[in-house]
Amino acid sequence: MSAARPALPALPARRAAPRGDDAGFTLVELLVVVLIIGVLTAIAIPVFLGEQEAAHRAAVETDVHHLAVLLESERIETSGTYVAPDSAEVALTMSENVSISLYIEADGDSYYMRGSSGRLDAGLGYYFGTRENGAIGWSDSAGFEAPSLPALTQAYG
(Lines give C-alpha, C1' and ligand atoms only; values in the text may rest on other atoms or scores of the structure.)
Protein backbone atom coordinates (compact mmCIF):
# COMPACT_ATOMS: atom_id res chain seq x y z
CA MET A 1 0.00 0.00 0.00
CA SER A 2 2.85 2.36 0.58
CA ALA A 3 3.85 2.11 -3.12
CA ALA A 4 0.41 3.35 -4.23
CA ARG A 5 0.41 6.37 -1.94
CA PRO A 6 3.32 8.21 -3.61
CA ALA A 7 1.69 7.70 -7.06
CA LEU A 8 -1.63 9.37 -6.10
CA PRO A 9 -0.26 12.94 -5.78
CA ALA A 10 1.57 12.51 -9.12
CA LEU A 11 -1.62 11.42 -10.98
CA PRO A 12 -3.01 14.97 -11.71
CA ALA A 13 0.39 16.07 -13.02
CA ARG A 14 0.61 12.99 -15.24
CA ARG A 15 -2.90 13.60 -16.68
CA ALA A 16 -2.09 17.26 -17.39
CA ALA A 17 1.11 16.48 -19.31
CA PRO A 18 0.88 13.09 -21.08
CA ARG A 19 4.03 11.49 -22.35
CA GLY A 20 4.58 10.94 -26.09
CA ASP A 21 3.48 7.28 -25.93
CA ASP A 22 0.28 8.14 -23.99
CA ALA A 23 -1.38 10.15 -26.82
CA GLY A 24 -4.57 8.71 -28.36
CA PHE A 25 -8.31 8.27 -27.89
CA THR A 26 -9.94 6.45 -25.06
CA LEU A 27 -12.23 3.49 -25.64
CA VAL A 28 -15.26 5.55 -24.60
CA GLU A 29 -14.46 8.24 -27.18
CA LEU A 30 -14.13 5.64 -29.93
CA LEU A 31 -17.43 4.00 -28.93
CA VAL A 32 -19.21 7.38 -29.03
CA VAL A 33 -17.90 8.02 -32.57
CA VAL A 34 -19.03 4.55 -33.71
CA LEU A 35 -22.46 5.15 -32.15
CA ILE A 36 -22.84 8.51 -33.94
CA ILE A 37 -21.90 6.94 -37.27
CA GLY A 38 -24.43 4.16 -36.67
CA VAL A 39 -27.23 6.63 -35.93
CA LEU A 40 -26.45 8.68 -39.06
CA THR A 41 -26.43 5.51 -41.15
CA ALA A 42 -29.78 4.43 -39.70
CA ILE A 43 -31.24 7.78 -40.76
CA ALA A 44 -29.65 7.89 -44.24
CA ILE A 45 -30.49 4.39 -45.53
CA PRO A 46 -34.33 4.71 -45.46
CA VAL A 47 -34.10 8.15 -47.06
CA PHE A 48 -31.91 6.74 -49.83
CA LEU A 49 -34.29 3.82 -50.44
CA GLY A 50 -37.25 6.22 -50.62
CA GLU A 51 -35.45 8.31 -53.23
CA GLN A 52 -34.78 5.18 -55.29
CA GLU A 53 -38.48 4.29 -55.36
CA ALA A 54 -39.37 7.85 -56.36
CA ALA A 55 -36.83 7.65 -59.19
CA HIS A 56 -38.30 4.35 -60.47
CA ARG A 57 -41.81 5.84 -60.39
CA ALA A 58 -40.59 8.92 -62.26
CA ALA A 59 -38.98 6.72 -64.93
CA VAL A 60 -42.28 4.89 -65.49
CA GLU A 61 -44.27 8.12 -65.66
CA THR A 62 -41.79 9.66 -68.09
CA ASP A 63 -41.85 6.63 -70.39
CA VAL A 64 -45.66 6.52 -70.38
CA HIS A 65 -45.84 10.22 -71.23
CA HIS A 66 -43.24 9.81 -74.00
CA LEU A 67 -45.34 7.03 -75.51
CA ALA A 68 -48.43 9.25 -75.24
CA VAL A 69 -46.65 12.00 -77.17
CA LEU A 70 -45.57 9.44 -79.76
CA LEU A 71 -49.17 8.20 -80.06
CA GLU A 72 -50.43 11.73 -80.57
CA SER A 73 -47.75 12.34 -83.22
CA GLU A 74 -48.75 9.13 -85.03
CA ARG A 75 -52.41 10.18 -84.83
CA ILE A 76 -51.64 13.52 -86.49
CA GLU A 77 -49.59 11.83 -89.24
CA THR A 78 -52.24 9.17 -89.94
CA SER A 79 -55.94 9.52 -90.55
CA GLY A 80 -56.75 10.79 -87.07
CA THR A 81 -56.85 7.43 -85.33
CA TYR A 82 -54.44 6.02 -82.77
CA VAL A 83 -52.00 3.47 -84.16
CA ALA A 84 -49.50 1.51 -82.09
CA PRO A 85 -45.96 2.72 -82.81
CA ASP A 86 -43.23 0.31 -83.81
CA SER A 87 -41.50 -1.43 -80.88
CA ALA A 88 -38.05 -0.41 -82.09
CA GLU A 89 -39.09 3.24 -82.18
CA VAL A 90 -40.41 3.09 -78.60
CA ALA A 91 -37.38 1.15 -77.33
CA LEU A 92 -35.13 4.13 -78.04
CA THR A 93 -36.74 6.16 -75.25
CA MET A 94 -37.60 3.39 -72.75
CA SER A 95 -35.89 3.30 -69.37
CA GLU A 96 -34.32 0.14 -68.03
CA ASN A 97 -36.76 -2.31 -66.36
CA VAL A 98 -39.84 -0.34 -67.50
CA SER A 99 -42.63 -2.07 -69.39
CA ILE A 100 -45.73 -0.52 -70.93
CA SER A 101 -48.91 -2.25 -72.06
CA LEU A 102 -50.87 -0.31 -74.68
CA TYR A 103 -54.59 -0.81 -75.24
CA ILE A 104 -56.16 0.92 -78.25
CA GLU A 105 -59.93 0.85 -78.74
CA ALA A 106 -61.11 -0.97 -81.88
CA ASP A 107 -62.27 2.28 -83.49
CA GLY A 108 -58.88 3.91 -82.81
CA ASP A 109 -60.45 6.88 -81.01
CA SER A 110 -58.99 6.27 -77.53
CA TYR A 111 -56.31 4.33 -75.70
CA TYR A 112 -55.11 3.25 -72.29
CA MET A 113 -51.60 2.53 -71.09
CA ARG A 114 -50.25 0.76 -68.05
CA GLY A 115 -46.61 1.36 -67.18
CA SER A 116 -44.73 -0.60 -64.57
CA SER A 117 -41.19 -1.26 -63.42
CA GLY A 118 -39.50 -4.46 -62.38
CA ARG A 119 -37.99 -2.51 -59.49
CA LEU A 120 -41.35 -1.55 -57.97
CA ASP A 121 -43.91 -3.70 -56.17
CA ALA A 122 -45.53 -6.32 -58.40
CA GLY A 123 -48.96 -5.20 -59.56
CA LEU A 124 -48.25 -1.50 -59.04
CA GLY A 125 -48.72 0.43 -62.27
CA TYR A 126 -49.13 3.91 -63.66
CA TYR A 127 -52.25 4.30 -65.78
CA PHE A 128 -52.82 6.82 -68.53
CA GLY A 129 -55.69 7.13 -70.96
CA THR A 130 -57.47 9.47 -73.34
CA ARG A 131 -60.95 9.00 -71.84
CA GLU A 132 -59.76 10.52 -68.57
CA ASN A 133 -57.92 13.32 -70.39
CA GLY A 134 -54.52 12.12 -69.33
CA ALA A 135 -53.07 10.60 -66.21
CA ILE A 136 -55.21 8.30 -64.13
CA GLY A 137 -52.44 7.78 -61.59
CA TRP A 138 -50.77 5.01 -59.65
CA SER A 139 -52.79 1.97 -58.64
CA ASP A 140 -52.46 -1.74 -58.13
CA SER A 141 -53.67 -3.94 -60.97
CA ALA A 142 -56.91 -4.84 -59.19
CA GLY A 143 -57.95 -1.19 -59.06
CA PHE A 144 -57.86 -0.54 -62.80
CA GLU A 145 -59.01 -3.55 -64.80
CA ALA A 146 -62.36 -2.60 -66.28
CA PRO A 147 -64.71 -4.75 -68.37
CA SER A 148 -64.56 -2.22 -71.21
CA LEU A 149 -60.78 -2.48 -71.50
CA PRO A 150 -59.89 -3.46 -75.07
CA ALA A 151 -57.57 -6.32 -75.94
CA LEU A 152 -53.87 -5.71 -75.51
CA THR A 153 -52.63 -3.94 -78.64
CA GLN A 154 -48.89 -3.78 -78.01
CA ALA A 155 -46.45 -4.46 -75.16
CA TYR A 156 -43.20 -2.51 -74.87
CA GLY A 157 -40.16 -3.13 -72.71
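The values are calculated or read from the model by the stated rules, or taken from the named source; none is laboratory data. Since we're looking at a predicted model, the values are computed, not measured. All Cβ positions, glycine included, derive from the backbone under ideal geometry; neighbour counts span all protein chains shown. Accessible surface is based on the protein model in full, side chains and every heavy atom, while ligands, DNA and RNA are left aside. Shrake-Rupley method; radii C 1.70, N 1.55, O 1.52, S 1.80 Å.
When all protein chains stay in place and ligands, DNA and RNA are ignored, the 1.4 Å accessible-area order of L124, L67, largest first, is L124, L67. Projecting the Cα atoms of Y82, G137, T93 onto the dipole axis of the stretch 58-139, where Lys and Arg carry +1 and Asp and Glu carry -1 at the beta carbon, places G137 farthest toward the positive end. Here the stretch 37-84 is assigned +1 on the Cβ of each Lys and Arg and -1 on the Cβ of each Asp and Glu. Its dipole about the Cα centre then comes out at about 140 debye.
Using heavy-atom solvent-accessible surface (probe 1.4 Å) with all chains present, what is the largest-first order of I100, I45, I76?
On the way: I100 0, I45 95, I76 140 Å².
From most accessible down to least: I76, I45, I100.
Solvent-accessible surface of protein heavy atoms, probed at 1.4 angstrom with all chains present, puts R119, R75, R57, R114 in the order R119, R75, R57, R114, largest first. Once all protein chains are placed together, I43 keeps about 110 Å² accessible to a 1.4 angstrom probe. Once you have a ≥ b ≥ c as the square roots of the Cα gyration tensor eigenvalues for the stretch 65-125, tell me rounded if a/c is under 1.5, and otherwise prolate or oblate according to whether a/b is larger than b/c. Since a/c reaches 1.5 but b/c is at least a/b, the shape of the stretch 65-125 is classed as oblate.
On full extension of the chain, what length is gained from H65 through W138, given 0.36 nm per residue of separation minus the C-alpha to C-alpha distance?
On the way: separation 73, 0.36 × 73 = 26.28 nm, distance 1.36 nm.
Contour length minus Cα-Cα distance gives 24.9 nm.
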